[in-house]
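Trainee: Before anything else, here's the structure in question.
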Amino acid sequence: IWKTPVIFVCENNLYAISVSAKKSTAIENIADRAIAYGIPGVVVDGNDAIKVFEAAYNAVERARKGSGPTLIECKTYRWLGHFAGDPGDLYRSKEEVEMWKEKCPIKRLQSKLLKDGVIKEEDVGRIEQEVRAEVEEAFDFAIKSPYPPPEELEKHII
């Protein structure tokens, strides 16, 4: 109603904890629910970084024009169980997991960037080291940061 400039992203890993979404959801695409709110729903291959970027770019442009929210459903997969104690192998086959590992978004993007000449093979190791260092720095910052005070819990809630 308010045409807020917001983008909702649903990272759909195709499972509802330990049950296939096909068995737990009556519709194929979560993005189909967007129509009930009068906003567009877009389904994208969540393992294709370029496709995700394009969908997000279009949603941002739409929001900036004042056309309101967009729901982007990124179909992807989780290789591990749902939680630390879930081995993930009781409700899906090893072959299914391996098939999805072949669709690794990082490997796919790396391959495309190499093929298109955007990066060279010798850049890959350096980029991986830089990313690893950035992630470790962010992790350390989060671990060392104090918890917010309890009064922050209800701040900005209408």
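The values are calculated or read from the model by the stated rules, or taken from the named source; none is laboratory data. Quick caveat: nothing in here was measured; it's all calculated off a predicted structure. Methodologically, a virtual Cβ is constructed for each residue, glycine included, from the backbone with ideal geometry; neighbour enumeration extends over all protein chains shown. Side chains are part of the model used for accessible areas, which takes the heavy atoms of the whole protein and leaves out ligands, DNA and RNA. Shrake-Rupley method; radii C 1.70, N 1.55, O 1.52, S 1.80 Å.
Trainee: Name the long-range amide H neighbours of Cys10: under 5 Å, sequence gap of 5 or more, or other chain; modelled H, no Pro or chain starts.
Mentor: Ile72, Glu73, Cys74
Trainee: Please give the calculated 222 nm ellipticity per residue for the chain, where each DSSP H segment of at least 4 residues contributes -39500 (n - 2.57) and the sum is spread over every residue; nearest 500 deg cm²/dmol?
Mentor: Per the formula, -12500 deg cm²/dmol.
Trainee: Can you list the DSSP H helices in the chain whose Cα atoms extend at least 27 Å along the helix axis and whose mean Kyte-Doolittle hydropathy is -0.5 or higher?
Mentor: None clear 27 Å together with a mean of -0.5.
Trainee: Using a probe radius of 1.4 Å on heavy atoms only, what accessible surface per residue do you get for the chain? Whole Å² is fine.
Mentor: It amounts to 79 Å² per residue over the chain.
Trainee: Cross-chain or 8 or more residues apart, Cα under 22 Å: how many lysine pairs in segment 1-150 fit that? Count them up, please.
Mentor: Close lysine pairs found across segment 1-150: 29.
Trainee: For q = 0.15, 0.17, 0.31 Å⁻¹, what log10 I(q)/I(0) does segment 101-158 give under the Debye formula with an equal point scatterer on each alpha carbon and no solvent?
Mentor: Results for segment 101-158 at q = 0.15, 0.17, 0.31 Å⁻¹ read -0.67, -0.72, -1.13.
Trainee: Moving to a separate point now. Return one quarter of the surface area of the convex hull spanned by the alpha-carbon atoms of the chain, equal to its mean projected area, in nm².
Mentor: Its Cα hull, projected and averaged over all orientations, spans 13.6 nm².
Trainee: Pull out a ≥ b ≥ c, the square roots of the eigenvalues of the alpha-carbon gyration tensor of segment 19-73, then state rounded if a/c is under 1.5, prolate if not and a/b is larger than b/c, and oblate in the remaining case.
Mentor: It is oblate, given that a/c is not under 1.5 and a/b is not larger than b/c.
Trainee: Also: Using DSSP to call loops (not H, G, I, E or B), can you name the chymotrypsin sites (Phe, Trp or Tyr not before Pro) in segment 62-158 whose Cβ has at most 16 other Cβ atoms within 10 angstrom?
Mentor: Here the chymotrypsin sites (Phe, Trp or Tyr not before Pro) that fit, given the DSSP loop and packing criteria, are Trp79, Phe83, Tyr91.
Trainee: A further question on this structure: Assuming a ≥ b ≥ c are the square roots of the Cα gyration tensor eigenvalues, decide whether segment 56-114 counts as rounded (a/c under 1.5), prolate (otherwise, with a/b larger than b/c) or oblate.
Mentor: Since a/c reaches 1.5 but b/c is at least a/b, the shape of segment 56-114 is classed as oblate.
Trainee: A follow-up question, please. Give a quick list of GluC sites (Glu not before Pro) in segment 53-158 that DSSP marks as loop, anything other than H, G, I, E or B, with at most 15 other Cβ atoms within 10 Å.
Mentor: Glu102
Trainee: Sticking with this structure for a sec: Just Lys103, Lys144, Lys112 to compare: in a GNM of the chain, with alpha carbon springs under 10 Å, which one fluctuates most?
Mentor: In the Gaussian network model the winner is Lys144.
Trainee: Oh, and also: May I ask you to give the percent of accessible area on the chain that is carbon plus sulfur, with a probe radius of 1.4 Å?
Mentor: Carbon with sulfur: 59 percent of the solvent-accessible area.
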